[in-house]
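Written out below as structure tokens is the structure these notes cover.
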Amino acid sequence: MSTLHIVVCIKVVPKPEEIAVDQETMLLIRDGVRSEINPPDMNAIEMALKLKDQYGGRISILSMGPLFFADYLRAPLAMGADHIYLMSDRQFGGADTLATTYTLAAGIRKLGNVDLIFCGEESSDGATGQVPAGLAEWLGINQLTQMDEVVIDPKKKLARGRREIKGGHLTLETPFPVVISAKTACNEPRFMDYTIKPWAFEEGRITIWRREDLEVEDDHIGLSGSPTRVSGLKQAPGRSRQRKFLKGNPAEIANQLGKILQATS
Ligand SMILES: Cc1cc2nc3c(=O)[nH]c(=O)nc-3n(C[C@H](O)[C@H](O)[C@H](O)COP(=O)(O)OP(=O)(O)OC[C@H]3O[C@@H](n4cnc5c(N)ncnc54)[C@H](O)[C@@H]3O)c2cc1C
């Protein structure tokens, strides 16, 4: 029985068309907006599932966020992951990447015996791309970033990753445990398996961790653990679209179009 233990860090993000910012707190409005699993995290899930197909073991999904994240996180279970751990507490709210990575690291330590930690390359809302490296730093372990392919030798506890570089590829090798971020769109995430979907949506598939369940310092989590402050936010003016029907024969219409393009360029 393989003891391989893989963790995939998943963020649930507002759908792009729903992104809005609370003008008072300067924080993203998350409650009540249509959300989705951060698209690059689907590539991280698929990378982990491919290794589980080959070597067995188990996949734990780890996420930090509000309780409504829970239902979005069940989809990876229906793809083949084993259990969800959601770290959710008001005290975790408003975290910048320093506080987020500190809290995720505490979650990884609580899981214990973790060999590989997969992340997406970046989130579609904060998009700092800082979390994989920050996580490796707090855990004091190696990292392989923006990998488009990962192979492992579970017996030797070694991981080898490939990253695209100008004119070729770079191959990196490191012992377990390691944080790996998956290059966005590096693979085709599989569909949910409808024979296991009912299992994925049953009770008992999700463990919720509150502040008191984790070994963390209060001044390192949430807003109090975040040196980054959003001091101001300006919404870029949207471009309004106009529609104008041009009348006349083709030559006249081409002429009118030429004048409009000149005037607007
Ligand atoms: C518009 C905007 C701008 C921001 N700018 C900054 C900033 O400049 N500096 C700063 O410190 N913070 C910033 N933040 C806050 C930051 O988004 C959060 O700290 C967030 O939790 C982590 O950063 P990220 O979204 O950039 O993650 P990234 O580093 O872009 O995410 C990479 C990967 O890390 C994993 N991951 C990220 N967040 C979580 C999570 N909550 N749970 C599980 N896995 C996760 C996922 O696998 C993800 O694919 C910003 C937030 C917003 C909405």
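With a cap of 16 neighbouring Cβ atoms within 10 Å, and only residues DSSP puts in a loop, list the chymotrypsin sites (Phe, Trp or Tyr not before Pro) found in region 160-214.
Details: sites: 191, 194, 199, 201, 209; in loops: 191, 194, 201.
In loop regions of region 160-214 (DSSP not H, G, I, E or B), the sparsely surrounded chymotrypsin sites (Phe, Trp or Tyr not before Pro) are 191, 194, 201.
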Query raised in the report: What's the long-distance tail for region 121-265, i.e. % of Cα pairs beyond 21 Å?
Result: 72
Report summary line: Spelling it out for residue 85: with amide H atoms placed in the peptide plane at 1.01 Å from N, the residues 5 or more places away or on another chain with amide H under 5 Å from its amide H are 61, 62, 63, 207
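More than 25 angstrom separation, counting every C-alpha pair in region 4-107; what % is that?
On the way: 1188 of 5356 pairs.
Of all Cα-Cα distances in region 4-107, 22 percent exceed 25 Å.
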Report summary line: Per the C-alpha gyration tensor (a ≥ b ≥ c, the square roots of its eigenvalues), region 5-225 is rounded if a/c is under 1.5, else prolate if a/b beats b/c, else oblate; here it's rounded
Query - Antiparallel bridges, percent of DSSP beta bridges restricted to the chain (to nearest 5) - result: 40
Query - For the chain, built as a Gaussian network whose Cα springs stay under 10 Å, the top-fluctuating residue of 222, 134, 112 - result: 112
Query raised in the report: Using heavy-atom solvent-accessible surface (probe 1.4 Å) with all chains present, what is the largest-first order of 5, 83?
Result: 83, 5
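First select every other residue whose beta carbon is under 11 angstrom from the beta carbon of residue 187; then total the charges, Lys and Arg +1, Asp and Glu -1.
Values: positive: 50, 183, 190; negative: 46, 148, 149, 188.
The answer is -1.
Could you provide, to the nearest whole Å², the per residue accessible area of the chain with probe 1.4 Å?
58
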Query raised in the report: How many nm separate the modelled label positions at residue 170 and residue 27, each set 7 Å beyond the Cα in the direction of the Cβ?
Result: 3.6
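If the limit is 27 Å between Cα atoms, which of 11/234; 11/166; 11/52; 11/50 go over it?
On the way: 11/234 25 Å; 11/166 30 Å; 11/52 21 Å; 11/50 20 Å.
The pairs that break the limit, which is 27 Å between Cα atoms, are 11/166.
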Query - Per-pair calculated FRET efficiency, R0 = 41 Å: residue 246 and residue 218 via Cβ, rounded to 0.05 - result: 0.05
Requested in this report: Could you list which residues have their amide H under 5 Å from that of residue 35, counting only those 5 or more apart in sequence or on another chain, with H placed in the peptide plane?
Outcome: 15
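So if each residue of separation counts as 0.36 nm, and I subtract the Cα-Cα distance between residue 199 and residue 234, what length gain in nm does that give?
Values: separation 35, 0.36 × 35 = 12.60 nm, distance 4.46 nm.
Contour length minus the Cα-Cα distance gives 8.1 nm.
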Query raised in the report: Which ³J(HN,Hα) values, rounded to whole Hz and listed in residue order, are derived for region 18-31 from phi using the Karplus coefficients 6.51, -1.76 and 1.60 in 6.51 cos²θ - 1.76 cosθ + 1.60 with θ = phi - 60°, glycine and proline given as x?
Result: 9, 5, 8, 10, 6, 5, 7, 7, 6, 9, 5, 7, 10, 5
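The values are calculated or read from the model by the stated rules, or taken from the named source; none is laboratory data. Treat the numbers as computed from the prediction; the structure is a model and nothing was measured. Reconstructed Cβ throughout: ideal geometry from the backbone, glycine too, with neighbour counts over all protein chains shown. Heads up: the accessible areas ignore ligands, DNA and RNA and are worked out on the full protein's heavy atoms, side chains in. Shrake-Rupley method; radii C 1.70, N 1.55, O 1.52, S 1.80 Å.
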